[in-house]
1. Can you tell me which residues in the stretch B:137-154 are closer than 28 Å to B:Gly180 by Cα and more than 11 Å from the chain's Cα centre (by Cα)?
2. Regarding C:Ala222, is this residue open to solvent by less than 20 Å² (accessible area, probe 1.4 Å), in a loop (DSSP other than H, G, I, E, B) and either away from chain A (no Cβ under 14 Å) or farther than 25 Å from C:Val275 by Cβ (or both)?
3. Of the conditions (1) surrounded by 23 or more Cβ atoms within 10 Å (Cβ to Cβ); (2) within 13 Å of chain B (Cβ to nearest Cβ), D:His211 satisfies every one except a single condition; which number is it?
4. Yes or no: A:Lys191 in contact (Cβ under 8 Å) with a residue 12 or more places away in the chain, open to solvent by less than 30 Å² (accessible area, probe 1.4 Å) and assigned by TED's automatic domain parsing to the domain that holds A:Pro237?
5. Being under 19 Å from the mean Cα position of the chain (by Cα) and within 11 Å of chain D (Cβ to nearest Cβ) is the filter here; which residues of the stretch B:183-207 pass it?
6. What residue, among those in the stretch A:140-152 that are buried (at least 24 other Cβ atoms within 10 Å of the Cβ) and farther than 20 Å from A:Ala225 by Cβ, is farthest from the other protein chains (Cβ to nearest Cβ)?
7. Restricting the search to the stretch C:231-240, which residues are open to solvent by less than 10 Å² (accessible area, probe 1.4 Å) and either out of contact with any helix residue (DSSP H, G or I) (no Cβ under 6 Å at 6 or more places or on another chain) or more than 8 Å from chain A (Cβ to nearest Cβ) (or both)?
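The values are calculated or read from the model by the stated rules, or taken from the named source; none is laboratory data. Since the structure is predicted, the reported quantities are computational estimates derived from the model, not experimental observations. No Cβ is skipped: glycine too gets one built from the backbone with ideal geometry, and neighbour counts run over all protein chains shown. Each accessible area value is taken on the protein alone, full model and side chains, heavy atoms only, with ligands, DNA and RNA left out. Shrake-Rupley method; radii C 1.70, N 1.55, O 1.52, S 1.80 Å.
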Protein chains: 4
Amino acid sequence: MIKVAILGATGYTALELLKLLSRHPQAEVVAVTSRENTDPICIVHPSLTGLYSIRCENLKPSELAERGVDAVFSCLPHTATAAVAPELLALGMKVVDFGADYRLNDAAVFNKWYNVTHPDPERLPLTPYGLPELFREKIRGANLVANPGCYPTSAILPLAPLLKGGFIAPDDVIIDSKSGVSGAGRKPSLKNLYPECNEAISAYGIGTHRHTPEIEEVLSTASGADVKVIFTPHLTPMDRGILTTTYSRPLKDASQQDVLDYLRDFYKDEPFVQVVDAAPSTKDVIHTNRCHLTARVVGGRLLTISVIDNLIKGAAGAAVQNFNIIFGLEETTALI
Amino acid sequence: MIKVAILGATGYTALELLKLLSRHPQAEVVAVTSRENTDPICIVHPSLTGLYSIRCENLKPSELAERGVDAVFSCLPHTATAAVAPELLALGMKVVDFGADYRLNDAAVFNKWYNVTHPDPERLPLTPYGLPELFREKIRGANLVANPGCYPTSAILPLAPLLKGGFIAPDDVIIDSKSGVSGAGRKPSLKNLYPECNEAISAYGIGTHRHTPEIEEVLSTASGADVKVIFTPHLTPMDRGILTTTYSRPLKDASQQDVLDYLRDFYKDEPFVQVVDAAPSTKDVIHTNRCHLTARVVGGRLLTISVIDNLIKGAAGAAVQNFNIIFGLEETTALI
Amino acid sequence: MIKVAILGATGYTALELLKLLSRHPQAEVVAVTSRENTDPICIVHPSLTGLYSIRCENLKPSELAERGVDAVFSCLPHTATAAVAPELLALGMKVVDFGADYRLNDAAVFNKWYNVTHPDPERLPLTPYGLPELFREKIRGANLVANPGCYPTSAILPLAPLLKGGFIAPDDVIIDSKSGVSGAGRKPSLKNLYPECNEAISAYGIGTHRHTPEIEEVLSTASGADVKVIFTPHLTPMDRGILTTTYSRPLKDASQQDVLDYLRDFYKDEPFVQVVDAAPSTKDVIHTNRCHLTARVVGGRLLTISVIDNLIKGAAGAAVQNFNIIFGLEETTALI
Amino acid sequence: MIKVAILGATGYTALELLKLLSRHPQAEVVAVTSRENTDPICIVHPSLTGLYSIRCENLKPSELAERGVDAVFSCLPHTATAAVAPELLALGMKVVDFGADYRLNDAAVFNKWYNVTHPDPERLPLTPYGLPELFREKIRGANLVANPGCYPTSAILPLAPLLKGGFIAPDDVIIDSKSGVSGAGRKPSLKNLYPECNEAISAYGIGTHRHTPEIEEVLSTASGADVKVIFTPHLTPMDRGILTTTYSRPLKDASQQDVLDYLRDFYKDEPFVQVVDAAPSTKDVIHTNRCHLTARVVGGRLLTISVIDNLIKGAAGAAVQNFNIIFGLEETTALI
């Protein structure tokens, strides 16, 4: 059994991770950490009742090592993972970071968008971006993987192939995303209060959301072009799920069917990406690790519509997928 | 014009009150207070954009008097109103308290359930309970009125007539209520976070909710009997609305039709209580000051089902109704 | 009193209209029609209990005339209004059509998009489009007004001024709209079933929605340019409200503040359009006749975000606004 | 592999069953039936994309036998299963009926409540009620099992032990249940339309719901007493989940702790029943086969609060649990 620890286990992504790992035949959760909380994890997350008896603890890397931890899933806030990752790695643990600390290559870009100084800048360019559909080989054998953001996953999966294939212009990409409220985390604030979010949809972080440079950098890496996007996230009254609608300028005289055929071929061997004909609903993929996506050619634009579960394919499911790859396990273990 | 001030204007009941008062031809809002907030009220509550330009201020009773305030609606937390009410009244202002401070007659009961010492105990037995359908005459000409709690309003309207009429036993009354999340207020906490409340229903305060003594005291006052109830509130995934289902032991051999006829006759002159035949939905009354209620005789029990909007008939609407009565205005002004 | 009839009174837009008219001092509802239904309207719509005692009837234009009807609000399906409008007008009644029958100028375009033959083609070019903010003078004194579609209202209000002012290119406008489920009407079908819509967002009618030609024609008329748009509606899990995000190519070197100042000036005298600085939420405007809109300049694009209540400013409220203008009443009557 | 067929595969309970069976190592779905629908099941239920390629067919029992079907899950409407069950059984197939056809012992009671004539009355008293926690031995080796109703499961699990243990009176049991909308099925009707259900809670079938005799009969069988209940279901704005609150008259002077200890001991070996201290939320158990329940002693009444997922423990999960028992498999297979 691979001994697993989860850092920052009181939030929603950790909850989903714990649910997935309870079905994982090769993983054993031996530690869940929290700075303040010392309750049993099934009190913190009542839906884990009967699945886990372990308590939250405030553990240092050395204590995790003493416990024989092989792999760490970090759900800590940004910069907190980069503050402990070097020690965890030095102690021989593999690390999957749910946060943004290692997603970008350039610490300067990170510092600008996150308005901090990155604690571990050297490691940024060396750390693979944990989207297996694009970077599986880099992930294999890595000790540290940067789990993608939820919005980026929903946008990169449809756009990267189209950019690689030269179907769309890299300098005129519009991304309009709609996310459930769990994406805002479990920390109480006015913005994620039930009566503020329910029966309401609103845009936020227009042109300023931190996932923008992540999307641009990964799409640029994947396509070799200098990709610029306009990204507008919307807070939608549902627990989970992201629907992303993109609008791009076509570079080829390709029909809608050509585009769908190309995307189907591109993802034909991927267990978690389904190219569909009908417009997908987030309901088709929530509580799964799948992405459903389709494309349309409308009025001289190429549109894509993609849906994922922000907590699974957009977080915990992708993390388990990366964990499976790192440890050479069947990639779909605990995910189907 | 009657000059009105609202104390504690940043919450949901104050928002509903401001919406109602924007349609009131004889009321002018001249002050809205908050301890911390100094924003324009239409920034605090964007749905008031274009309706109010006034800002939040931290005002003392004397400052309200200087501004010529005639009537104060207090949406302050419990004991905070009782701490200022004496001064407001001494300065000649009428006060409608949204909170619990003056709902009970006995300060000892208040102190026990609210675990505090009441700042103004003498005034409790003298203050009318602001449910016009039962206590209109006491409210008329009062200087201070205790606006009812939302759950009590939903339970008292169907039960008080049945107790007065000797239809049901006072010692065996079960009240099962379901409320929208706005009832939990606008202060962020884990319990009213969107992802915690959405797609979820749960019971809380079972046998310990502070509305229990209020319901028992008012029903006892209204019926002359010593009424004991079991009250179970449930948090329901909707913004607003309360549905209350009650189960009582019949004392008369009355048919369902007899009971409905009696209730119809009891409320025949009430503009805001409708006795209906079909089982009502909260959707029939939200955004109105109305209560819809019906009764059923099932398996040797007399059931009632009643619905209100917790923020209007259960709070702001009742407050305006009381305001209209106190100032001798048409009782339905701004409420239809 | 102006005697009013509502054709097709069993749906959601008719319900909102009836609520608004119950507060209208100069309007009296004397007839509500339905082909099948003969119930009292307060049984069809329980939230009208106590407000209306009138029953649904199946009435011919001549019968409406006999009843002295001055104004008809038609909530009939498309082509049904155009089948009766000529007779209603001949009998001297004013008509506000909630449907699409008279929104377009060109019957050929209508026939193509609605896949029918228009019953009254001559009247199309003569009928004003009932968006008072743009066509108030044409509406004044008209006998027939075409009430705008909900999506078009949300898109035209932010875009028309920018096109008129030459701020954006007419040939590269992307409109991404998110609507509550009431927009799908009250006829039961799998697509608007609760468990299909709840916890789900999906795009539909991509590039094929019938509001596309309406938006293009009205924006072209308003701006004098030949406007082409890409319009993608999304079904969002909420009862009501539309949020529309638009992406256009700027033609001027105008700052975000310039754009906001221009829009504020453009709408400075409009009671129902508020240009706001913060990103608006549908919650700020639902249950009102207001539109809140803002603009952003992001990555070489000009974005607008606008919110309305699809059933009020997008239907019943606009209809009452048009009714008020036609009859020379205060335009805001029953709407504030 | 056990070859499985699902009759009536287009509804919500069949969807959940197909999801569960996709994880079942010993079950293979070889047929899914529908009277009208001939689409691939992943078109009928897009969330099954990638999991199943099978199409809906209209198959007779003999055709199922030719296909080598070992076990049939029937999701057909009431009386439809009883019309084919005899032939299915004669052909050697095991049958788990999701419907009510075989839940009651007495055909006369069935005929009265369902207002039909039961097609297979002799088999009623011989068919075990598929609630393993109470009737595991009867289920083992049975060829036909009646899967319990969702409301009955939520009410029987907390009440049966208390009745067996003599903790509560059998003649004074009040059951107040709150269910998500999926319980109303997938057939479009006004009552389960999104805008009718959302932001609304209502009671229905008060004293007339068909689960009433089922609850009474099973509780009587389990306890040996003649149990009478008052059952009030409420339609709650959520996809799934049932919370049931019961109010009974205690027969013993047992403390709350005594009751909780007794229930914990009663269910100590049950993998899917958890006795909890805190008031449970439906959110703790949705998407699982678990029931969480607790008890309270309040004002001379014994209360229980229990939560299940109506589609899993209340339908598809229980069916798989029964399937596992019938075929001698590990009972929790595909359910944890």
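1. Residues of the stretch B:137-154 closer than 28 Å to B:Gly180 by Cα: B:145-154.
B:Val145, the sole residue that qualifies.
2. Working: open to solvent by less than 20 Å² (accessible area, probe 1.4 Å): yes; in a loop (DSSP other than H, G, I, E, B): no; either away from chain A (no Cβ under 14 Å) or farther than 25 Å from C:Val275 by Cβ (or both): yes.
Considered against the rule, which asks whether it is open to solvent by less than 20 Å² (accessible area, probe 1.4 Å), in a loop (DSSP other than H, G, I, E, B) and either away from chain A (no Cβ under 14 Å) or farther than 25 Å from C:Val275 by Cβ (or both), C:Ala222 comes out as no.
3. The number of the failed condition is (2).
4. Numbers: in contact (Cβ under 8 Å) with a residue 12 or more places away in the chain: yes; open to solvent by less than 30 Å² (accessible area, probe 1.4 Å): no; assigned by TED's automatic domain parsing to the domain that holds A:Pro237: yes.
It is false that A:Lys191 is in contact (Cβ under 8 Å) with a residue 12 or more places away in the chain, open to solvent by less than 30 Å² (accessible area, probe 1.4 Å) and assigned by TED's automatic domain parsing to the domain that holds A:Pro237.
5. B:Gly205
6. Filtering the stretch A:140-152 for residues buried (at least 24 other Cβ atoms within 10 Å of the Cβ) gives A:144-152.
Now restrict to residues that are farther than 20 Å from A:Ala225 by Cβ: A:144-147, A:149-151.
On the way: A:Leu144: 29, A:Val145: 25, A:Ala146: 24, A:Asn147: 20, A:Gly149: 18, A:Cys150: 14, A:Tyr151: 14 Å.
Per the stated criteria, the residue is A:Leu144.
7. So in the stretch C:231-240, the residues open to solvent by less than 10 Å² (accessible area, probe 1.4 Å) come out as C:231-234, C:236-238.
Answer for the stretch C:231-240, where residues must be open to solvent by less than 10 Å² (accessible area, probe 1.4 Å) and either out of contact with any helix residue (DSSP H, G or I) (no Cβ under 6 Å at 6 or more places or on another chain) or more than 8 Å from chain A (Cβ to nearest Cβ) (or both): C:Phe231, C:Thr232, C:Pro233, C:His234, C:Thr236, C:Met238.
Table: residues versus (1) within 17 Å of A:Ala71 (Cβ to Cβ); (2) among the aliphatic types (A, V, I, L, M).
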{"site": "A:Ile6", "(1), (2)": "yes, yes"}
{"site": "A:Tyr12", "(1), (2)": "no, no"}
{"site": "A:Leu17", "(1), (2)": "yes, yes"}
{"site": "A:Leu20", "(1), (2)": "yes, yes"}
{"site": "A:Pro25", "(1), (2)": "yes, no"}
{"site": "A:Val30", "(1), (2)": "yes, yes"}
{"site": "A:Glu36", "(1), (2)": "no, no"}
{"site": "A:Ile41", "(1), (2)": "no, yes"}
